[in-house]
Amino acid sequence: MVSRWCRRGSARALLAAAALGALLLRALPASLSSDQHLPAHAPSDIAHHLADFSNQPDVTSWWVESDHSNYTTWSYSVGFSCGGRCTGRARVRAHDEHARAPQHGRAARRHFVRLQRRSCSALPLLPWPQLCDDLEVTAVVSGSLALGAQLQQEWSTWCSALGWLSGACARDLQARHDTNLLRLQALRRQRA
């Protein structure tokens with residue numbers, strides 16, 4: 001009789017632990033909006049920098065899986081490595097909006113860039129579970145050569161409930177945003 005109660009108690013504890021683990025691994029969103037004026041930049045230079053996946057700071061190697069472009073739109077998907085046990089996939093879409101007739105690059109009125117990426121890390125010595133982070137960045141770049149670039153961005157990420165509750169998700173998103181802005185400022189210094 002005692003062993004039956006112990007088995008039921010163990011099964012209940014295991015079920016409760018699994019439910020708590022699933023809850024803590026559930027993806028919850030965090031977001032950030034920003035608006036920056038970059039006076040020494042051409043809007044097309046900012047858009048091209050944002051659309052170039054090689055400018056991702058945490059990527060160690062990457063390869064193109066698919067690619068499509070026409071006169072005003074460029075879309076591609078990549079696979080990438082972001083460390084010893086980290087891999088991911090991303091999709092980048094860049095589009096130029098024109099005032100009148102289609103014109104590429106500097107003549108475009110506004111540039112749109114959207115990055116969607118998922119990176120997953122495996123735990124040491126375990127093939128499962130993998131911890132995955134999703135990131136989506138939507139950027140609109142406008143302005144002129146004379147006045148510089150105006151960059152509006154929407155950043156969204158999804159992390160575990162534990163990361164969301166502890167604030168780590170929001171801190172990581174802010175750090176990614178700040179790193180991106182520093183890279184754009186360094187680009188300005190190189191071209192100035």
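Give me the net charge for the shell around Ser69: Cβ to Cβ below 13 angstrom, other residues only, Lys and Arg +1, Asp and Glu -1. Spell out each step's value before the answer.
Details: positive: Arg93; negative: Asp67, Asp96.
Here the count lands on -1.
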Inset, instruction - Could you order peptides 129-140, 54-65 by the average number of other Cβ atoms within 10 Å of their residues, highest first? - result: 129-140, 54-65
Inset, instruction - Could you work out how far apart the two model spin labels at Asp134 and Ser81 are, taking each label as a point 7 Å from the Cα in the direction of the beta carbon, and quote it in nm? - result: 2.7
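Among 111-117, 69-75, what's the highest-first ranking by average C-beta atoms within 10 angstrom per residue?
Values: 111-117: 20.3, 69-75: 12.7.
Put in order of decreasing packing, that is 111-117, 69-75.
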Inset, instruction - Quickly work out the Leu123-to-Asp52 label distance, labels modelled 7 Å from Cα along the C-beta direction, and quote it in nm with one decimal. - result: 4.0
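No value in this document is a laboratory result; all are computed from the given coordinates. Keep in mind that what you see is a predicted model, and the values were worked out from it rather than measured. A quick note on method: Cβ atoms are made from the backbone with ideal geometry, for glycine too, and the neighbour counts reach across all protein chains shown.
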